[in-house]
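The values are calculated or read from the model by the stated rules, or taken from the named source; none is laboratory data. Note that this is a predicted model, so its numbers are computed, not measured. Cβ placement follows ideal geometry from the backbone for every residue including glycine, while neighbour counts extend to all protein chains displayed.
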Amino acid sequence: METKLVSLDRENIDMTVMEEAAELLRAGELVAFPTETVYGLGGDGLDAAAAQRIYAAKGRPSDNPLIVHIADTDAFSVLAREVPEEAYLLAKRFWPGPLTMILKKSGRVPAATTGGLETVAIRMPSDEIALSLIRTSGIFIAAPSANASGRPSPTKAEHVYEDLQGKIPMILDGGAVTIGLESTIVDLSGEVPLILRPGYITPEMLREILPNVAYDPAILKKTADPTLVAKAPGMKYRHYAPKGNLRIYEGSLDAVVAKIREEAAKKVAEGYSVAILASEETKGYYPEFVVRSVGTRAQEETVAANLFDTLREFDHMGARFIFGECFSREGIGHAIMNRLLKAAGYQMETV
Ligand code: TXA
Ligand code: MG
């Protein structure tokens, strides 16, 4: 199958292209599209066959449920049952935006979309191209991140092309995404609201509406502890991983830099290709090594935006060992460290 990569201008969307994409979706085909978080691989959320196509294209285990993207909260009544008042309040405060809610699913949502679960994940993205695609197609778009399973999520259309070329008919290119990490997932289907995946929307922000919101204990772990199984099926898989062996170092910045320099020098001496994941503030401390700054510590949103692209770049350079600095766990820092640790297979050392 030939994959068409088409650029769209967010401010002035070419509706001929949009109609073509919408028609593919209505026909049960897949279209990749930008959202404000990462690119999604879309298919009809109420069509079990489309869900199967998504799993096949990504090479993803089919017990890992998909997020259904909507453009209007009217969709709650079609997709979910027992919608709590908080869902409407959260929608009013955070949608369109990088928040996904888990609710009890209605009979309309096929088990293939929810990986067999009795709950459904719902999100209203804020990207104009994504919203236009949902509205133009008139369907609810089931969309996981548009990467091949296990690879870093795509933050540019080129990343989608790299992973899914030949497997899907169309990619809508809206340039680089703004946030760069997947949405915060909050589960409203149980007694206590739980955050299943940290993202741009932090617990502090959610507490306004959900005073007792807590993290799923499995996402706070710092090690690959097998006794803590994540409630979001996708969080249990090795994920976001670059091909090289990534190790993270935690501690005072001085100690981290010194340790990374020492470890990198050893691997270079052994003849390996080595790269360092650093920040604007520290990149100058590794003059003799291959180093990439992922963003500035003064504004960790920049780190979030560049993280997955940087991990892919390490693959392109063929880095065999990658030594990474840690980031704060404040605000978006929590989501950054969650993704970084998963990418590292939880290889982290305190120095
Ligand atoms: O920002 C995002 O959320 C992006 C864009 C495209 O919207 N989508 C995304 O989808 O990250 P995906 O499939 O890569 O991640 C969805 C996560 C997985 O960890 C999955 O297990 C979890 O959401 N999930 C989906 N439905 C669920 C459910 N009913 N219960 C628990 N976890 C669920
Ligand atoms: Mg994903």
Quick check on my filter: what residues within region 190-215 are small (G, A, S) and either in contact with a Phe, Trp or Tyr (Cβ under 7 Å, 6 or more places away or on another chain) or not in a loop (DSSP other than H, G, I, E, B) (or both)?
A214
Return yes when P96 is closer than 25 Å to P154 by Cβ, away from ligand 2 (no atom under 16 Å from the Cβ) and within 20 Å of the chain's Cα centre (by Cα) and no when it is not.
yes
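Could you tell me whether region 276-295 includes any residue that is part of a strand (DSSP E or B), of a type outside the set (S, T, N, Q) and surrounded by fewer than 15 Cβ atoms within 10 Å (Cβ to Cβ)?
Checked against the condition, which is being part of a strand (DSSP E or B), of a type outside the set (S, T, N, Q) and surrounded by fewer than 15 Cβ atoms within 10 Å (Cβ to Cβ), region 276-295 yields no hits at all.
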Mind checking whether some residue in region 178-185 is modelled with pLDDT of 95 or more, more than 9 Å from ligand 1 (Cβ to nearest atom), surrounded by 19 or more Cβ atoms within 10 Å (Cβ to Cβ) and at negative phi?
no
Of all residues in region 193-207, how many are farther than 20 Å from R339 by Cα and either modelled with pLDDT under 95 or surrounded by 20 or more Cβ atoms within 10 Å (Cβ to Cβ) (or both)?
2
Of the listed residues (A264, A305, A241), the one being in a helix (DSSP H, G or I), among the hydrophobic types (A, V, I, L, M, F, W, C) and within 16 Å of ligand 1 (Cβ to nearest atom) is A305
Any residue at all in region 265-283 that is more than 14 Å from E325 (Cβ to Cβ) and basic (K, R)?
yes
Taking the stated definitions as given, is P125 in a loop (DSSP other than H, G, I, E, B), in contact with a Ser or Thr (Cβ under 8 Å, 6 or more places away or on another chain) and not hydrophobic (A, V, I, L, M, F, W, C)?
yes
Quick check on T37: is it hydroxyl-bearing (S, T, Y) and either touching a helix residue (DSSP H, G or I) at 6+ places or on another chain (Cβ under 6 Å) or farther than 27 Å from Y200 by Cβ (or both)?
no
Spot the failing condition for T113; the list is (1) farther than 18 Å from S183 by Cβ; (2) surrounded by 14 or more Cβ atoms within 10 Å (Cβ to Cβ), and only one is missed.
(1)
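I'd like the full set of residues that are of a type in the set (D, E, K, R) and part of a loop (DSSP other than H, G, I, E, B), limited to region 164-180.
Scanning region 164-180 gives a single hit, K167.
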